[in-house]
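Engineer: Structure incoming, see below.
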Amino acid sequence: MSKLRTAIIGSGQIAQVTHIPNYQSMEHAEIAGICDTNIDTARIAAEKFGIKNYYDSHRTMLEELKPDAVIICVPNKFHCSITLEALELGCHVFCEKPPAITAKEAEKMAAKAKEKGKILSYGFHFRASEHIAFLRSRIAAGKMGTIYHTEVKWHRRRGIPGWGCFTNKEIQGGGPLIDIGAHMLDCALYLLDYPEISYACASSSDRIGKTSGVGLMGAWNPSRFTVEDGIFGYIRFADGTSLDLQTSFAINRREKDVRSVKLFGSKEGAELFPLEIYGEEGGQLVNLAFPFMEMRDWHMDLDVNFVNACLGTEEPLVTAEQGAYIQKLICGLYESAETGKPVIF
Ligand SMILES: NC(=O)c1ccc[n+]([C@@H]2O[C@H](COP(=O)([O-])OP(=O)(O)OC[C@H]3O[C@@H](n4cnc5c(N)ncnc54)[C@H](O)[C@@H]3O)[C@@H](O)[C@H]2O)c1
């Protein structure tokens, strides 16, 4: 099997903590170069990980190194333009989540990948878990019956990121929904198999973010806090299924961090993460737990899937079209929270 030559665009936290070590550990991938608009960050990362070439311009890097694939790890505002450029230059693209800032951008990205015949995948790594694979096969086998409602949550009690651009709406497109809630929403939509959306409505708050206080993920600057700190939404699908979504960077509740997806079916219910299944058997109510399925970091699984997809040995787990769907929904929820009206799809 051949080796995939990759290049990293953006050498901050997610690149250094996950993608660079992951790609360097893979037999069928190599990192030919790394770039960052801050050349010192690129140089330090290149020295730390022994990457030969570093740049302050992705364009120069792509023209010089001509990699097979790029891994885009820059703030959300730049996802679309860099993805389009890399696809145009003939690269497969793994872009960190969320796909983009607007629904139009994500659609354009999917269309460009199709036109160029290249893989475009996104960093929704939770869906690479064995918990999800197991549940998907159980749903497909009809064991859960008809799923009629879903609950999606990612709350942090005081987890406003004190670094990067995560509280800057212009650069990130939003707060917890586009940053963390998107992961749980992605899992639910993947399990529901992307039903047609009828409408979405939401309300949001920035009351905690706009005030200084205790930070469990560093200190944030309330005067520069331009995103929501919590958002609460409801989505109705054309087949009658509904989805309740709640996500926050900061909220006054007991738990420090809660992430879950709950599915309610006519025969069984299920909860992720970790996986549990609730049903009836032999005249008894039963709960199934899976103590040998670990809760771990699934970034590596998704990175391996992307490399294999580029090399043609696996289907991509996250597709460009699925990315466009979730972006449309995220933008609809934000629009509803802003206007106070439901958004009809
Ligand atoms: N999948 C996940 O769980 C996960 C986790 C964290 C971050 N992310 C995503 O990864 C992306 C980056 O997040 P991060 O935490 O690494 O942020 P970060 O701020 O630590 O790093 C971003 C880096 O990109 C550089 N940069 C900015 N514009 C650039 C450009 N045009 N070209 C090249 N470099 C540029 C910055 O100088 C910075 O070094 C975001 O989209 C975020 O949503 C995903």
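Engineer: Is it true that some residue in the range 79-99 is in contact with a helix residue (DSSP H, G or I) (Cβ under 7 Å, 6 or more places away or on another chain), closer than 22 Å to Lys118 by Cβ and of a type in the set (Lys, Arg)?
Structural biologist: Looking through the range 79-99, at least one residue is in contact with a helix residue (DSSP H, G or I) (Cβ under 7 Å, 6 or more places away or on another chain), closer than 22 Å to Lys118 by Cβ and of a type in the set (Lys, Arg).
Engineer: Another question about this same structure. Would you mind finding the one in Ala106, Ala69, Ala141, Ala100 that is open to solvent by 60 Å² or more (accessible area, probe 1.4 Å), at pLDDT 95 or above and aliphatic (A, V, I, L, M)?
Structural biologist: Ala141
Engineer: Still on this structure, I have one more. When both residues are 6+ apart or on different chains and their Cβ atoms are under 9 Å apart, which pairs have a first residue that lies in the range 174-194 and is under 10 Å from Val152 (Cβ atoms), and a second that is among the aliphatic types (A, V, I, L, M) and assigned to a loop (DSSP other than H, G, I, E, B)?
Structural biologist: Every condition considered, the pairs that remain are Asp186/Val318.
Engineer: Let me ask you something else. Give Ser57, Ser81, Ser2, Ser11 a once-over and let me know the one that is near the ligand (Cβ under 10 Å from one of its atoms), of a type in the set (Gly, Ala, Ser) and touching a residue at least 60 places away in the same chain (Cβ under 8 Å).
Structural biologist: Ser11
Engineer: Within the range 84-97, which residues are away from the ligand (no atom under 13 Å from the Cβ) and open to solvent by 40 Å² or more (accessible area, probe 1.4 Å)?
Structural biologist: Scanning the range 84-97 gives Glu88, Leu89.
Engineer: Where residues in the range 208-256 are in contact (Cβ under 8 Å) with a residue 12 or more places away in the chain and among the polar types (S, T, N, Q), which of them is surrounded by the fewest Cβ atoms within 10 Å (Cβ to Cβ)?
Structural biologist: Asn252
Engineer: Can you tell me which residues in the range 149-191 are in contact with a Ser or Thr (Cβ under 6 Å, 6 or more places away or on another chain), in a strand (DSSP E or B) and away from the ligand (no atom under 16 Å from the Cβ)?
Structural biologist: Listed by number, the residues that qualify are His149, Lys153, His155.
Engineer: Being at pLDDT 95 or above and more than 18 Å from Met300 (Cβ to Cβ): is that true of Asn38 here?
Structural biologist: yes
Engineer: Among the residues of the range 14-23, count how many are within 8 Å of the ligand (Cβ to nearest atom) and touching a Cys at 6+ places or on another chain (Cβ under 7 Å).
Structural biologist: Total satisfying the criteria: 2.
Engineer: Additional query: Based on this model, can you work out whether Leu263 counts as under 25 Å from Asp179 (Cβ atoms), assigned to a strand (DSSP E or B) and out of contact with any Cys (no Cβ under 7 Å at 6 or more places or on another chain)?
Structural biologist: In short, yes.
Engineer: Any residue that is in the same structural domain as Phe94 (by TED's automatic domain parsing), within 11 Å of the ligand (Cβ to nearest atom), at pLDDT 95 or above and in a helix (DSSP H, G or I) - is there at least one of those in the range 24-32?
Structural biologist: Looking for residues that are in the same structural domain as Phe94 (by TED's automatic domain parsing), within 11 Å of the ligand (Cβ to nearest atom), at pLDDT 95 or above and in a helix (DSSP H, G or I), one finds none in the range 24-32, hence no.
The values are calculated or read from the model by the stated rules, or taken from the named source; none is laboratory data. None of the values given here were measured: they were computed from a predicted structure. Neighbour counts run over all protein chains shown; Cβ positions are idealised from the backbone, glycine included. Remember, those area values only see protein heavy atoms, side chains included, never the ligands or the DNA or RNA. Shrake-Rupley method; radii C 1.70, N 1.55, O 1.52, S 1.80 Å.
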